[in-house]
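Undergrad: Quick one: structure below, then a few questions.
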Number of protein chains: 2
Amino acid sequence: MSFYQPNETHDPNLKSWLESANDPNTDFPLQNLPVCKFIHQGNTKIGIAIGDFVLDFEPYYNMFVAERFEEKSLALAASHKVRKKLIEDFSINASSSLKNLISEHLLIPMNSCRFVLPFEIGDYTDFYCSIFHATNVGMMLRPENPLFPNYKWLPVGYHGRASSVVISGTKIKRPKGQRRIENGNIPVFEPCKNLDYEVEVGFFISKGNELGKPVSIQEAEDYIFGLCLVNDWSARDIQAWEYQPLGPFLAKSFATSISPFIVTMEALAPFRVPAFERPEGDPKPLEYLYDETNQKYGGIDLNLEVYIQTQKMREEGFEPYLLSRSNMKDLYWTIGQMVAHHTSNGCNLRVGDLIATGTVSGRNKNERGCLLELTWRGSEPIELPTGEIRRFLEDGDEIIMKGYCEREGFRRIGFGECRGLILPADQFN
Amino acid sequence: MSFYQPNETHDPNLKSWLESANDPNTDFPLQNLPVCKFIHQGNTKIGIAIGDFVLDFEPYYNMFVAERFEEKSLALAASHKVRKKLIEDFSINASSSLKNLISEHLLIPMNSCRFVLPFEIGDYTDFYCSIFHATNVGMMLRPENPLFPNYKWLPVGYHGRASSVVISGTKIKRPKGQRRIENGNIPVFEPCKNLDYEVEVGFFISKGNELGKPVSIQEAEDYIFGLCLVNDWSARDIQAWEYQPLGPFLAKSFATSISPFIVTMEALAPFRVPAFERPEGDPKPLEYLYDETNQKYGGIDLNLEVYIQTQKMREEGFEPYLLSRSNMKDLYWTIGQMVAHHTSNGCNLRVGDLIATGTVSGRNKNERGCLLELTWRGSEPIELPTGEIRRFLEDGDEIIMKGYCEREGFRRIGFGECRGLILPADQFN
């Protein structure tokens, strides 16, 4: 079941008795209802974010929805049935007894929750779907020929490391690794010097396919649970030395951060847009990657923002500084195409697999989704409000990613934050 | 606890009341005792291979070893304590009542077991540790400069796909994928034409390290459970088109086969040899990859054989045909160095992670561990006993890998087989 058209649950006039859900600045109005996992008083729980609170899903479901025994899963929490019921029960028109019961027993202040990974991630795949990012990076390495000939024919991707995917807020220890000494072919093993972030969008797989049975582009979105923010931390100097011929390895596997909330495909329905408009002369996708509906609705109008806050900024009371704003709709490939391509060889996806888009960059300079691009490999440093200079990340820097969708006539929905603060290489987190 | 020296459990004169364990040709004498998981009468069980049988470990342990409640894990089945007790209980000197009890209730004929993956594999990493393989492949692509400058400084590796690791015997469906049309930059999506195998050795991780805490070269082997055979199936034409700039993806993720038995580090003690002797002029490994003990005992003298049996060979009664013989001791990097490097950036390994060595090739032509090398990219086809010609794998071909260790004064131990038969692209297995 694909959600390309808004339904009654997207009505912008829905109002809740829970005041914080009505705040025009909240990421989590009634129209959003993203799911998460969190630990509260020692128990791991499934939650749904509403305003400044997280609803304790299992007891809510047992009290108000359950008709029979059902496994209380994230999928159930994200279902259309639960979404409708929540909107009813949180409506300003709900009875005051219901309202009291829920607010006294089932709502936990978000700031007292410790969020954890929503799924045990079987495999993590990272794509490279922004043609602007790929072109920028390619230009630094091969100015005459920045894109490889395969780029417009298939979504380039690689296997990432699942074990080191961590939840937002986890501190990130600067990795050590081998790095080439200036222009030489002799390396040293030292703390990474060119530590970077990459702003990406991730999506979780909601059902598996059998090994040997590809998922068609037409059914691809039925396998997608919802979206989150991803920071694909990257050690550029380690990567430059290690990556040939088999791709990035230790330059990425020290940590990947994700935001705690999965924004469901249904919540995203009002923000679906056509797939990226390919410039004249670009090839039409091959048949297994082409579908009319995907062309029409495959894109997602999701704004992404990246902020930095250095130790000095925190000490001197500066707010986080905006580094870039980009948008997922500028990706050359859609999430449906990523799933169809990933499984086209028969590879099996499993529930909870995480797939990320690759760095989301746009056409303009202020839409570049990593420092490598923003500072053009360090050659154009950024000046921060404190007067500090950044080419790459320093110890004590915190990167904060935000995401939100907005459209005239609809409520803005947000993704929360994906945060990570850099610790020195020798400090244990 | 590292096992570099043979102990009393490696005594070549041990004899068992179980006749098949004494057979000089068995892979599974008393000195071996590899562990596995299998399904028997609907139950998943931990097993230990002895002669032509698999011992049902849990009831054995409960009856003969347990002193207190312990989780019956693969690790326990592979422990020194259990190994010693097994050798005692299976000794020719065991009482006839014990022998009857075990043989009547706890031994299952190996050919009636359905083996399954020994662990739920969290992450699968594939290295590229044979300098002979890397040089051969490099020569085909960059004859003037086959090895990248990083090769002798670090074990090159990449993240593989964990979901599609399958047990020996699983049929392998020929993948479809994008492949470049002759010399052009326009692809077609079709069944892979250049399907290949790669003979590798895999090892399982026995304990995890915390994210941010590297494992030193000195302690690396304490994290290794034992070894198995790996067939890293590869679609060469898909790989050639897709792999730049992020490495192999769909060319590998359709399937990776492993043999069912994990041969423990203790069983391998008599077969430890010095690390690969680096030619004059090659760099000494950096400090985090260098250890005297590892230099002295880090290698493993494990013979690997690859056989092919085509459909026609089966029909006409031909035995499988030997394609290559290579040896793990020829790898440029040791398993300890792989673990130390993998975690040097703080990357966390988890129990059950699978790490593979990459194709094991040797100096000589008959030691090349894949068809790409053996037929030099198809330019030197192989003639089989039926008169058939092979450049790459055809539908109906079965690849059979075997591994064994032998040394004067010790019992030969074997790894069993890793098998896979190629199905046509459109046939569902």
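Undergrad: Just give me the residues in the stretch B:350-362 being closer than 20 Å to residue B:256 by Cα and either surrounded by fewer than 24 Cβ atoms within 10 Å (Cβ to Cβ) or at pLDDT below 95 (or both), in sequence order.
TA: B:350, B:351, B:352
Undergrad: Mind listing just one residue for me: the one in the stretch A:179-208 that is more than 10 Å from chain B (Cβ to nearest Cβ) and of a type in the set (S, T, N, Q) and, of those, nearest to residue B:341 (Cα to Cα)?
TA: Going through the qualifying residues, I end up with A:194.
Undergrad: Quick one: count up the residues across the stretch A:190-245 that are small (Gly, Ala, Ser) and either touching a His at 6+ places or on another chain (Cβ under 8 Å) or over 17 Å from residue A:78 (Cβ atoms) (or both).
TA: 6
Undergrad: Spot the failing condition for residue A:189; the list is (1) more than 30 Å from residue A:290 (Cα to Cα); (2) buried (at least 19 other Cβ atoms within 10 Å of the Cβ); (3) touching an Asp or Glu at 6+ places or on another chain (Cβ under 9 Å), and only one is missed.
TA: Checking residue A:189 against (1) more than 30 Å from residue A:290 (Cα to Cα); (2) buried (at least 19 other Cβ atoms within 10 Å of the Cβ); (3) touching an Asp or Glu at 6+ places or on another chain (Cβ under 9 Å), the one that fails is (2).
Undergrad: Need at least 1 residues that are touching an Asp or Glu at 6+ places or on another chain (Cβ under 7 Å) and more than 24 Å from residue B:243 (Cα to Cα) per element, so show me which strands (runs of 3 or more DSSP E) inside the stretch A:140-184 make the cut, counting only ones lying wholly within it.
TA: By residue number, A:176-180.
Undergrad: Given (1) under 14 Å from the mean Cα position of the chain (by Cα); (2) more than 30 Å from residue B:397 (Cα to Cα); (3) within 11 Å of chain A (Cβ to nearest Cβ), identify the lone condition not met by residue B:341.
TA: So residue B:341 meets the others, but not (1).
Condition check ((1) touching a residue at least 12 places away in the same chain (Cβ under 8 Å); (2) more than 26 Å from residue A:297 (Cα to Cα); (3) in contact with a helix residue (DSSP H, G or I) (Cβ under 7 Å, 6 or more places away or on another chain)) across all residues:
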{"site": "A:2", "(1), (2), (3)": "yes, no, yes"}
{"site": "A:13", "(1), (2), (3)": "no, no, no"}
{"site": "A:16", "(1), (2), (3)": "yes, yes, yes"}
{"site": "A:24", "(1), (2), (3)": "yes, yes, no"}
{"site": "A:39", "(1), (2), (3)": "yes, yes, no"}
{"site": "A:47", "(1), (2), (3)": "yes, yes, yes"}
{"site": "A:54", "(1), (2), (3)": "yes, yes, yes"}
{"site": "A:58", "(1), (2), (3)": "yes, yes, no"}
{"site": "A:65", "(1), (2), (3)": "yes, yes, yes"}
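Undergrad: In addition: Of everything in the stretch A:228-247 that's over 18 Å from residue A:401 (Cβ atoms) and assigned to a loop (DSSP other than H, G, I, E, B), which residue is nearest to the other protein chains (Cβ to nearest Cβ)?
TA: A:247
Undergrad: Taking the stretch A:32-85 as the search range and keeping residues that are in contact with a Leu (Cβ under 6 Å, 6 or more places away or on another chain) and of a type in the set (Phe, Trp, Tyr), which one is surrounded by the most Cβ atoms within 10 Å (Cβ to Cβ)?
TA: This residue is A:60.
Undergrad: Sort out which residues of the stretch B:104-139 are away from chain A (no Cβ under 12 Å) and among the aliphatic types (A, V, I, L, M), and write them in order of number.
TA: B:106, B:107, B:108, B:110, B:116, B:117, B:131, B:139, listed by residue number.
Undergrad: If you go through the stretch A:167-178, how many residues are buried (at least 22 other Cβ atoms within 10 Å of the Cβ) and either among the hydrophobic types (A, V, I, L, M, F, W, C) or more than 8 Å from chain B (Cβ to nearest Cβ) (or both)?
TA: Matching residues across the stretch A:167-178 total 2.
Undergrad: Could you list, in sequence order, the residues of the stretch A:254-294 that are over 17 Å from the mean Cα position of the chain (by Cα) and within 14 Å of chain B (Cβ to nearest Cβ)?
TA: A:254, A:281, A:282, A:283, A:284, A:285, A:286, A:287, A:288, A:289, A:290
Undergrad: Still on this structure, I have one more. Given the criterion touching a Cys at 6+ places or on another chain (Cβ under 8 Å) and either under 30 Å from residue B:177 (Cα atoms) or assigned by TED's automatic domain parsing to the domain that holds residue A:390 (or both), identify the matching residue among A:323, A:302.
TA: A:302
The values are calculated or read from the model by the stated rules, or taken from the named source; none is laboratory data. The shown structure was predicted, so the numbers you read here are calculated from the model rather than taken from an experiment. Note that each Cβ is placed from the backbone with ideal geometry, even for glycine, and that neighbours are counted across all protein chains shown.
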